[in-house]
Amino acid sequence: MKNERAFDMWRRGEVTLAELRGIGPQEMEAARAAAGKLMRTGALRAAEEILAGLALYDPFQSDVWRSLEELYRRRGDLEPARLFGDIGRAMT
């Protein structure tokens, strides 16, 4: 795929960055699972970095947004938690 065409497809929402980079569903899920494990051990900042990257690479994955909701609830940041939860529910 030529760069200009790929950029246009991404800009129109026809492909995700994950698809353009060749990152498959299994890799995305493995990264989300790693972020979940980090959350459970209290490494919230590291988990947040992974989840933010996943949201950037494929913003259409409801599980990523729901994981961000959980992370922000654990921090006590309820406003962003609600926002991420709403986004996650909208993706299903």
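The values are calculated or read from the model by the stated rules, or taken from the named source; none is laboratory data. Please read these numbers as outputs of a predicted model, since none were measured by experiment. Glycine also receives a Cβ, built like all others from the backbone with ideal geometry; neighbour counts cover every protein chain displayed.
Between R89, R66, R82, R45, which is surrounded by 14 or more Cβ atoms within 10 Å (Cβ to Cβ), out of contact with any strand residue (DSSP E or B) (no Cβ under 7 Å at 6 or more places or on another chain) and either at pLDDT 95 or above or not in a helix (DSSP H, G or I) (or both)? If you could, list the steps in order and put the result at the bottom.
Values: R89 fails: surrounded by 14 or more Cβ atoms within 10 Å (Cβ to Cβ); R82 fails: surrounded by 14 or more Cβ atoms within 10 Å (Cβ to Cβ); R45 fails: surrounded by 14 or more Cβ atoms within 10 Å (Cβ to Cβ).
R66 is the lone residue from the list that is surrounded by 14 or more Cβ atoms within 10 Å (Cβ to Cβ), out of contact with any strand residue (DSSP E or B) (no Cβ under 7 Å at 6 or more places or on another chain) and either at pLDDT 95 or above or not in a helix (DSSP H, G or I) (or both).
What about E29, is it part of a helix (DSSP H, G or I), touching a Phe, Trp or Tyr at 6+ places or on another chain (Cβ under 7 Å), modelled with pLDDT of 95 or more and closer than 17 Å to T92 by Cβ? Even if it seems obvious, please write down each step before you answer.
Values: part of a helix (DSSP H, G or I): yes; touching a Phe, Trp or Tyr at 6+ places or on another chain (Cβ under 7 Å): no; modelled with pLDDT of 95 or more: yes; closer than 17 Å to T92 by Cβ: yes.
Spelling it out, it is not the case that E29 is part of a helix (DSSP H, G or I), touching a Phe, Trp or Tyr at 6+ places or on another chain (Cβ under 7 Å), modelled with pLDDT of 95 or more and closer than 17 Å to T92 by Cβ.
For segment 56-63, the criterion of being among the charged types (D, E, K, R) and closer than 17 Å to R21 by Cβ is met by at least one residue.
Among the listed residues R74, R66, R40, R45, identify the single one that is of a type in the set (D, E, K, R) and closer than 21 Å to A90 by Cα. It would help to see each step written out before you state the result.
Values: R74 fails: closer than 21 Å to A90 by Cα; R40 fails: closer than 21 Å to A90 by Cα; R45 fails: closer than 21 Å to A90 by Cα.
On inspection, the qualifying residue turns out to be R66.
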